[in-house]
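J.: Below is one structure. I have some questions about it.
Bear in mind these aren't lab numbers, they're just calculated from the coordinates by the rules spelled out. These figures come from a predicted structure and were not determined experimentally. Cβ sites come from the backbone with ideal geometry, for glycine too, and all protein chains shown count toward neighbours.
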Amino acid sequence: MLSNLRFFKSSFIVTFLGLAAAYWLGGPKAMFIAAILSVLEVSLSFDNAVVNATVLKDMDAVWRKRFITWGMLIAVFGMRVIFPVLIVAVIAHLTPWAALMMAVSQPEQYASALTSSHIVVAGFGGTFLMMVFLKFFFDQEKEIHWLHIVESPLVKMGKMGGIEIGLCLIIVYLISNQLADHGQLSFILSSIAGIVTYIIVDGFGSLLGGEENHGQTTVIRTGFSAFMYLEVLDASFSFDGVIGAFALSNNIFIIAIGLGIGAMFVRSLTIMFVEKETLDQFRYLEHGAFYAIGALAFIMFIGTFHEIPEIITGLIGAGLIGVSLLASLHHKKHN
């Protein structure tokens, strides 16, 4: 157990520095809020760590290192600070600098503008996550089934080309019918953007390289493709967390510190899962993570017309992963 702590060394350092910075910015209250946000981020993104590990274990060592370093900076500062500012800039028709100044000097107005983008964010992020979920269970090469009665027929249905896209579009249409007229078009367009983004990112390696090329060029291209896939996946996970964080604080720096600490621990978990080969030891853990991703996608969709507390989201994800872990232990014991 103690040997596993080495994976979290950098996370503990970031936690100490982050909480110290939060205390300097707003005293004990700000430090407490940052700590709560970091815990929420880890609880909501544990399944993200498992899915990250499934991609990283087959990634070239060079690109794996780049994801751990550059990807960390993109995840913390890009997706949790810069991207929300850009969203507000587009919605409020401001320059990015003006949106940043609004976040600093008028946090209530900034939070209101960001919250108003929830339908667009949920459409894009929810659809991307839904595609990730469906692609896993419709995969014809998938051989291990946890819930055999459900997963085995899905693999057979995967022979129908593009079935996950068609099913995703049906779900988007049904959800859009629950929205007010002024939100339907925004939701549909952002959802289509999520599907297109998934298709591009998922197929980027084949588009650039293909199976005919061999050697370092193909490794680099597939590495870059996997890197982009993981970054968009992380963005889809983080969108709702960023918006939900404003329920605790309007200070974007406190939010960035709290979510950044959580993201750092998610990265540490990912590295540990890869190096300890956790997914090979626990047969159904990966399945539980993808079920949790599907649940999160549905929750994001439903959240466009009915508010769902983040604690419910966290409990559902943790519950699915917990059950899959128990099932893995049971299988390991009897095999």
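J.: For segment 230-317, state which chymotrypsin sites (Phe, Trp or Tyr not before Pro) are in a DSSP loop and have at most 16 other beta carbons lying within 10 Å of their beta carbon.
T.: F305
J.: Compute the length gained on full extension between I36 and L174: take 0.36 nm times their separation in residues and subtract their Cα-Cα distance, giving the result in nm to one decimal. Write down the numbers at each step before the final one.
T.: Values: separation 138, 0.36 × 138 = 49.68 nm, distance 3.51 nm.
Here the answer is 46.2 nm.
J.: Which one of I36, M102, V88 is farthest out on the positive end of the charge dipole of the chain, using unit charges on Cβ (Lys, Arg +1; Asp, Glu -1) and the Cα centre as origin?
T.: So the residue we want is I36.
J.: Please state, to two decimals, what the Cα-based radius of gyration of the chain comes to when divided by 2.2 N^0.38 Å (N = residues).
T.: Details: Rg = 20.0 Å, N = 335, 2.2 N^0.38 = 20.0 Å.
Taking the Cα Rg and dividing by 2.2 N^0.38 Å, one obtains 1.00.
J.: Provide the gained length on full extension for the span K332 to S105, in nm with one decimal, where the gain is 0.36 nm per separating residue minus the Cα-Cα distance.
T.: Values: separation 227, 0.36 × 227 = 81.72 nm, distance 5.57 nm.
Gain on stretching K332 to S105: 76.2 nm.
J.: Please give the calculated 222 nm ellipticity per residue for the chain, where each DSSP H segment of at least 4 residues contributes -39500 (n - 2.57) and the sum is spread over every residue; nearest 500 deg cm²/dmol?
T.: Working: 15 runs with 261 residues, N = 335.
Per the formula, -26000 deg cm²/dmol.
J.: Modelled label-to-label distance, S186 and M228, 7 Å Cα→beta-carbon offset: nm?
T.: Placing both labels 7 Å beyond Cα along the Cβ direction yields 2.8 nm.
J.: Pulled fully out, how much extra length does the chain show between F12 and D139, if you take 0.36 nm times their separation in residues and subtract their Cα-Cα distance? Kindly include the intermediate steps, with their values, before the conclusion.
T.: Details: separation 127, 0.36 × 127 = 45.72 nm, distance 3.79 nm.
Additional length available on full extension: 41.9 nm.
J.: If you place +1 on the Cβ of every Lys and Arg, -1 on the Cβ of every Asp and Glu, and leave all else neutral, what size is the dipole of the chain about its Cα centre, to the nearest 20 Debye? Don't skip to the answer; put the middle values down first.
T.: Values: 18 positive and 23 negative charges, 148 e Å.
Here the size comes out at about 720 debye.
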